[in-house]
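Enquirer: So that we are looking at the same thing, I have put the structure below in structure tokens.
The values are calculated or read from the model by the stated rules, or taken from the named source; none is laboratory data. Since this is a predicted model, take the numbers as computed values, not measurements. Please note: Cβ atoms are built from the backbone with ideal geometry, for glycine as well, and neighbour counts cover all protein chains shown. Only protein heavy atoms, including side chains, enter the accessible area calculation; ligands, DNA and RNA are left aside. Shrake-Rupley method; radii C 1.70, N 1.55, O 1.52, S 1.80 Å.
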Amino acid sequence: MQLVDTHVHLNFESFQDDLEVVAQHWREAGIVRLVHSCVEPGEFAAIRAIADRFPEVSFAVGLHPLDVEEKWMATSTADILALAKSDPRVVAIGETGLDFYKAENRAQQIEAFQAQLAIAHQLNLPVIIHCRDAAPELAQAVRAFQANGQTVKGVMHCWSGTPEETQWFLDLGFYISFSGIVTFKNATQVHASVQRVPAHRLLVETDCPFLAPVPWRGKRNQPAYVRQVAERVAELRGETVEAIAAQTTANAYKLFNLSDTRTGSGEAARLVSAR
């Protein structure tokens, strides 16, 4: 059984002392590919160095909405575009999006988000979207972008919205990715969303080092634990974990245009056709 963890932050300090051991764990758990997200462009060199060490890691570049106030500058669009074009292992733009939980810079976040959508459109890359307390505004921003004839694809990462909000983003063409939150007993709206997402739009992730699934809730998360996410998703959908693993792996290969480091790009086609 193979799995793809579609959202990790291995460059964070909590992994500095034992990343080789963490990698051994994810390989033993059947995690064959990882997509490393990017909080801000200054991380790019460190993330690329991790991909140099672990060939199963692909990565993104972008600016997180909570960093927009301090780090969005006149040169940011050009900087992100240049970095995205600098390495073929860049498979997405992000993470970007909107976070209105405490922020007062709503207009600035929307500006930065739409600029990154434009980069993704230009490079034909998916976007990795963070959304907290901002689903109506984010959906409207995407609709406004698409109204100009520009297409965009991507994933709502670590999704915890309502089933109604889930449908908004499915209608806009996005994939929905679920994290360790799905294993929490009180995450009822997440459970309902898991049951709503069509199989061909479903992804799994850890968002490590955050949001470790049960039974490790409250501890450091790691890519190997994406298996527990897949198991809970399978339980909620009334499917086998093997079926969920095969489907979400095929979906990840398709969305991020991944090639397998061991068997070549034909692996993605095999996984998709197997479903």
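Enquirer: Sorted by mean Cβ packing within 10 Å, highest first, what order do the peptides 83-93, 242-252 take?
Expert: 242-252, 83-93
Enquirer: Which order, highest average first, do 176-183, 47-54 follow once you tally other Cβ atoms within 10 Å for each residue and take the mean per peptide?
Expert: 176-183, 47-54
Enquirer: Could you check how much of the accessible area of the chain is carbon and sulfur, as a whole percent, using a 1.4 Å probe?
Expert: The computed percentage sits at 49.
Enquirer: Same structure again: Could you give the radius of gyration (one decimal) and Dmax (whole number) of the Cα atoms in the stretch 1-117, in Å?
Expert: 15.2, 46
Enquirer: Starting from the amide H of Tyr175, placed 1.01 Å from N in the peptide plane, find each other amide H under 5 Å away whose residue is 5 or more places distant or on another chain.
Expert: The list, which skips near neighbours in sequence, is Gly154, Val155, Met156.
Enquirer: Go ahead and run the numbers for FRET between Ser14 and Asn105, Cβ-Cβ distance against an R0 of 25 Å, rounding to 0.05.
Expert: The pair Ser14/Asn105 has a calculated efficiency of 0.35.
Enquirer: Can I ask one more? Given a Förster distance of 41 Å, report the FRET efficiency between Glu235 and Ala74 from their Cβ-Cβ distance, rounded to the nearest 0.05.
Expert: The value I calculate is 0.25.
Enquirer: Counting heavy atoms of the protein chains only and a 1.4 Å probe, report the per residue accessible area for the chain as a whole number of Å².
Expert: 42 Å²
Enquirer: Going toward the positive end of the dipole of the chain, with +1 on Lys and Arg Cβ and -1 on Asp and Glu Cβ, which of Ile31, His7, Gln116 do you reach last?
Expert: Ranked along the dipole, the leading option is Ile31.
Enquirer: Would you be so kind as to identify which of Ala224, Val68, Pro209 lies farthest towards the positive end of the dipole of the chain, taking Lys and Arg as +1 and Asp and Glu as -1 on Cβ and the Cα centre as origin?
Expert: About the Cα centre, the residue reaching furthest to the positive side is Ala224.
Enquirer: So, in nm, how far is label Asp67 from label Asn186 when the simple model puts each one 7 Å beyond its Cα toward the Cβ?
Expert: 3.1 nm
Enquirer: Using amide H atoms built 1.01 Å from N in the peptide plane, name the residues 5+ places from Val204, or on other chains, whose amide H lies under 5 Å from its own.
Expert: Those qualifying (amide H under 5 Å, at least 5 residues apart or on another chain) are Thr6, Phe178.
Enquirer: Would you mind putting 136-149, 191-204 in packing order, based on average other-beta-carbon counts within 10 Å, highest first?
Expert: 191-204, 136-149
Enquirer: If you don't mind, another one. Express in % the proportion of alpha carbon pairs of the chain at distances exceeding 30 Å.
Expert: The answer is 22 percent, as a whole percent.
Enquirer: Mind listing the phi-derived Karplus ³J(HN,Hα) values for the stretch 167-176, rounded to whole Hz, using 6.51, -1.76 and 1.60 with θ = phi - 60°, and x for any glycine or proline?
Expert: Going residue by residue, I get 5, 3, 7, 5, 5, 7, x, 8, 7, 10 Hz, with x marking Gly and Pro.
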